[in-house]
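Undergrad: Before we start, here is the structure in question, set down as structure tokens.
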Amino acid sequence: MQTWVAAAEELEGRLHLPAAALDAVAGRFQQAMDQGLTGKGGSLKMLPSYLAGPTGQERGTFLALDFGGTNARVALIELAGGQCRILERVSRPLRAADGSYDYTRRTATAEELFDFLASLIAETIRHHQGRFYLGHTFSFPARQQNIGHAALIRWVKEFHTAGVEGRDVGQLLNDALARRGLLERVRPAAIINDTVGTLLTATYSDLDTRIGSILGTGHNSCYRDRFVPAFAAPMVINMESGNFDGAPATDYDDQLDRQSQQPGAQRLEKMVSGLYLGELVRQILNERIQATGLFGGQGTPKLETPYALTAADLSEILSDQAADLSGVGQWLRMRAGIEASDRAERRLLQRIAAAASRRSARLVAATYLGALRHEDPVLSNRHTIAVDGSLYEKMPGYAQDLDDALAELLGEKAGQVSVRLIKNGSEVGAAIAAAIVAAVG
Ligand code: BGC
């Protein structure tokens, strides 16, 4: 029988992407950007945001609605020229833990969902006087008609709410605010993607910011284009890079894709984001259990239930640094229901998790390189990449793997590029977008 060490090496080999392969991914990504920008199709939608970016001088108090993950959040934010302060914040899950409501399921309607969002806005401003411009971060692929209107192209991240796809989310929010009599107090001004929010927030204090990216439940990046021919202007472009289809997929990726909500869509996101990384590892483990008798050849409900293994599980597995990997053993016992495992099996599990996480970081680095080269082919300028999201912030080793991959790919130009964690970018960015619109009236 194959030893667990050999099994780990084989899997690592399958998931490893050497620098040359990453460089090729960067090239294909850059090509897909060009195709998308010139309307020639391809997997990158390259959606205009109708924003060029902040000057850093925007000031005032604005409302931010952040919708796109587990929780819907509303905040009242004071912008003070390069700095900001959260005055009030309300955050609620879109699915109640006790099952009393779930605005993401198919039986929930658009009106119910947007009424819920309007109620959070009402709660946020109830102790504050005045009328506020509102920026709305909507973290789904949406085709913008202008800064205040955007139609949802399709749900992703396993959202299903009825009656939103194809409709203008600006109008849906407006209608919900009207139903609650809130339009006197709230003026919806801008809709942005969360990557755009992250880019705006970082740019507010660092004008070298070139890319905004989310590495959390979902994955996507935007960038600031110096000049978009169709608009004869500089503009931030939401690439919807999670849909990129030029990364080399393994059989595991193909299987995960076939069994997902939308086979064929969001191929990169399914290889890199938090929602899918745990699932990928779960599928690899199950295949190993059957093929090699790992963990005594026995599955457990945790390992047999789709999406039961989460990025948080992987973080827990990867954070164990004890020589005997007792933390991994405990995870197996408590969370996966596997009683006896020896150290070699525990190490195999940890190595699979690390390999999946590292591949994610390396693939994302390659897409950043493609976007940077599009703007600055020989990297003669300094560029900041602003990243938000739990994967980047919390997965042990992830940020380092991303930095290492960029350093490997950039060689002597590595000093030109820095990656920066931007927390709450989607929230603060919504306020900045509202401020940009308010400034022009
Ligand atoms: C969505 C993007 C979003 C990303 C991160 C993806 O699933 O398509 O619009 O930016 O998740 O939240």
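Undergrad: Considering only the range 1-53, how many residues are under 27 Å from Tyr252 (Cα atoms), part of a loop (DSSP other than H, G, I, E, B), among the hydrophobic types (A, V, I, L, M, F, W, C) and at pLDDT 95 or above?
TA: 2
Undergrad: Conditions: (1) free of Cβ contacts under 8 Å to residues at least 60 places away in the same chain; (2) within 13 Å of the ligand (Cβ to nearest atom). Phe227 meets all but one. Number of the miss?
TA: Going through (1) free of Cβ contacts under 8 Å to residues at least 60 places away in the same chain; (2) within 13 Å of the ligand (Cβ to nearest atom) one by one, Phe227 breaks only (2).
Undergrad: Could you list, in sequence order, the residues of the range 129-145 that are aliphatic (A, V, I, L, M) and either more than 16 Å from the ligand (Cβ to nearest atom) or on the phi > 0 side of the Ramachandran plot (or both)?
TA: Keep residues of the range 129-145 that are aliphatic (A, V, I, L, M), which gives 134, 142.
Answer for the range 129-145, where residues must be aliphatic (A, V, I, L, M) and either more than 16 Å from the ligand (Cβ to nearest atom) or on the phi > 0 side of the Ramachandran plot (or both): just Leu134.
Undergrad: Okay, moving on. Can you tell me which of (1) more than 18 Å from Arg154 (Cβ to Cβ); (2) touching a Phe, Trp or Tyr at 6+ places or on another chain (Cβ under 8 Å); (3) modelled with pLDDT of 95 or more; (4) within 16 Å of the ligand (Cβ to nearest atom) is the one Gly216 doesn't meet?
TA: (3)
Undergrad: Right, next: Do we find that Ala435 is assigned to a helix (DSSP H, G or I), over 13 Å from Thr209 (Cα atoms), of a type in the set (Gly, Ala, Ser) and open to solvent by less than 30 Å² (accessible area, probe 1.4 Å) in this structure?
TA: Working: assigned to a helix (DSSP H, G or I): yes; over 13 Å from Thr209 (Cα atoms): yes; of a type in the set (Gly, Ala, Ser): yes; open to solvent by less than 30 Å² (accessible area, probe 1.4 Å): yes.
So Ala435 fits the description; yes.
Undergrad: Inspect all residues belonging to the range 54-70 and state whether any of them is open to solvent by less than 10 Å² (accessible area, probe 1.4 Å), of a type in the set (Val, Ile, Thr) and modelled with pLDDT of 95 or more.
TA: No, there is no match, as no residue in the range 54-70 is open to solvent by less than 10 Å² (accessible area, probe 1.4 Å), of a type in the set (Val, Ile, Thr) and modelled with pLDDT of 95 or more.
Undergrad: Yes or no: Ile191 within 14 Å of the ligand (Cβ to nearest atom), surrounded by fewer than 24 Cβ atoms within 10 Å (Cβ to Cβ), over 16 Å from the mean Cα position of the chain (by Cα) and not acidic (Asp, Glu)?
TA: no
Undergrad: Identify the single condition in (1) surrounded by 15 or more Cβ atoms within 10 Å (Cβ to Cβ); (2) out of contact with any strand residue (DSSP E or B) (no Cβ under 6 Å at 6 or more places or on another chain); (3) closer than 17 Å to Thr310 by Cα that Thr292 does not satisfy, given that it satisfies every other one.
TA: Of (1) surrounded by 15 or more Cβ atoms within 10 Å (Cβ to Cβ); (2) out of contact with any strand residue (DSSP E or B) (no Cβ under 6 Å at 6 or more places or on another chain); (3) closer than 17 Å to Thr310 by Cα, only one is false for Thr292: (3).
Undergrad: On to the next question. Need pairs with beta-carbon distance below 6 Å; first residue near the ligand (Cβ under 9 Å from one of its atoms) and within the range 147-162, second part of a strand (DSSP E or B); sequence gap 6+ or separate chains.
TA: From residues that are near the ligand (Cβ under 9 Å from one of its atoms), the pairs are Ile153/Arg143.
Undergrad: Got at least one residue in the range 346-354 being open to solvent by 10 Å² or more (accessible area, probe 1.4 Å), aliphatic (A, V, I, L, M) and modelled with pLDDT of 95 or more?
TA: Of all residues in the range 346-354, those open to solvent by 10 Å² or more (accessible area, probe 1.4 Å) come to 346-347, 350-351, 354.
From the residues that got through so far, the ones that are aliphatic (A, V, I, L, M) too are 354.
Still in the list and also modelled with pLDDT of 95 or more: 354.
Yes; the residues of the range 346-354 include at least one that is open to solvent by 10 Å² or more (accessible area, probe 1.4 Å), aliphatic (A, V, I, L, M) and modelled with pLDDT of 95 or more.
Residues checked against (1) under 29 Å from Asn424 (Cβ atoms); (2) within 16 Å of the ligand (Cβ to nearest atom); (3) open to solvent by 10 Å² or more (accessible area, probe 1.4 Å):
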residue: Tyr223; (1), (2), (3): yes, yes, no
residue: Ala232; (1), (2), (3): no, no, yes
residue: Met239; (1), (2), (3): yes, yes, no
residue: Gln261; (1), (2), (3): yes, yes, yes
residue: Gly264; (1), (2), (3): no, yes, yes
residue: Glu279; (1), (2), (3): yes, yes, no
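Undergrad: Might you check whether a residue that is in contact (Cβ under 8 Å) with a residue 12 or more places away in the chain, under 20 Å from the mean Cα position of the chain (by Cα) and under 30 Å from Asp208 (Cα atoms) occurs anywhere in the range 55-64? Steps first, answer last, please.
TA: Filtering the range 55-64 down to residues in contact (Cβ under 8 Å) with a residue 12 or more places away in the chain leaves 56-64.
Still in the running and under 20 Å from the mean Cα position of the chain (by Cα): 64.
Add one more test, that the residue is under 30 Å from Asp208 (Cα atoms), and what stays is 64.
Yes, the range 55-64 contains at least one residue that is in contact (Cβ under 8 Å) with a residue 12 or more places away in the chain, under 20 Å from the mean Cα position of the chain (by Cα) and under 30 Å from Asp208 (Cα atoms).
Undergrad: Open to solvent by less than 30 Å² (accessible area, probe 1.4 Å), more than 16 Å from the ligand (Cβ to nearest atom) and in a loop (DSSP other than H, G, I, E, B): does that describe Gly299?
TA: Numbers: open to solvent by less than 30 Å² (accessible area, probe 1.4 Å): no; more than 16 Å from the ligand (Cβ to nearest atom): yes; in a loop (DSSP other than H, G, I, E, B): yes.
No.
For every residue, the table says whether it meets (1) assigned to a helix (DSSP H, G or I); (2) surrounded by fewer than 20 Cβ atoms within 10 Å (Cβ to Cβ).
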site: Lys270; (1), (2): yes, no
site: Leu275; (1), (2): yes, no
site: Arg282; (1), (2): yes, no
site: Glu287; (1), (2): yes, yes
site: Leu309; (1), (2): no, no
site: Ala312; (1), (2): yes, yes
site: Gln321; (1), (2): no, yes
site: Gln330; (1), (2): yes, yes
site: Gly337; (1), (2): no, yes
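Undergrad: Can you spot a residue in the range 79-100 that is among the acidic types (Asp, Glu), within 16 Å of the ligand (Cβ to nearest atom), modelled with pLDDT of 95 or more and open to solvent by 10 Å² or more (accessible area, probe 1.4 Å)?
TA: Residues of the range 79-100 among the acidic types (Asp, Glu): 88, 98.
If we keep only those that are within 16 Å of the ligand (Cβ to nearest atom) too, we end up with none.
No, there is no match, as no residue in the range 79-100 is among the acidic types (Asp, Glu), within 16 Å of the ligand (Cβ to nearest atom), modelled with pLDDT of 95 or more and open to solvent by 10 Å² or more (accessible area, probe 1.4 Å).
Undergrad: Would you call Arg362 assigned to a helix (DSSP H, G or I) and buried (at least 16 other Cβ atoms within 10 Å of the Cβ)? Even if it seems obvious, please write down each step before you answer.
TA: Numbers: assigned to a helix (DSSP H, G or I): yes; buried (at least 16 other Cβ atoms within 10 Å of the Cβ): yes.
Yes: the conditions hold for Arg362.
Undergrad: For the range 241-254, how many residues meet the condition of being within 16 Å of the ligand (Cβ to nearest atom), closer than 12 Å to Gln30 by Cα and among the small types (Gly, Ala, Ser)? Steps first, answer last, please.
TA: We begin by selecting, within the range 241-254, every residue within 16 Å of the ligand (Cβ to nearest atom); these are 241-245, 247.
Among the residues that remain, those that are also closer than 12 Å to Gln30 by Cα are: 241, 244.
After this cut, where a residue has to be among the small types (Gly, Ala, Ser) as well, the list is 241.
Within the range 241-254, residues that are within 16 Å of the ligand (Cβ to nearest atom), closer than 12 Å to Gln30 by Cα and among the small types (Gly, Ala, Ser) number 1.
The values are calculated or read from the model by the stated rules, or taken from the named source; none is laboratory data. It should be emphasised that the depicted structure is a prediction, and the values quoted were computed from it without experimental measurement. Cβ: placed from backbone, ideal geometry, glycine included. Neighbour counts: every protein chain shown. Remember, those area values only see protein heavy atoms, side chains included, never the ligands or the DNA or RNA. Shrake-Rupley method; radii C 1.70, N 1.55, O 1.52, S 1.80 Å.
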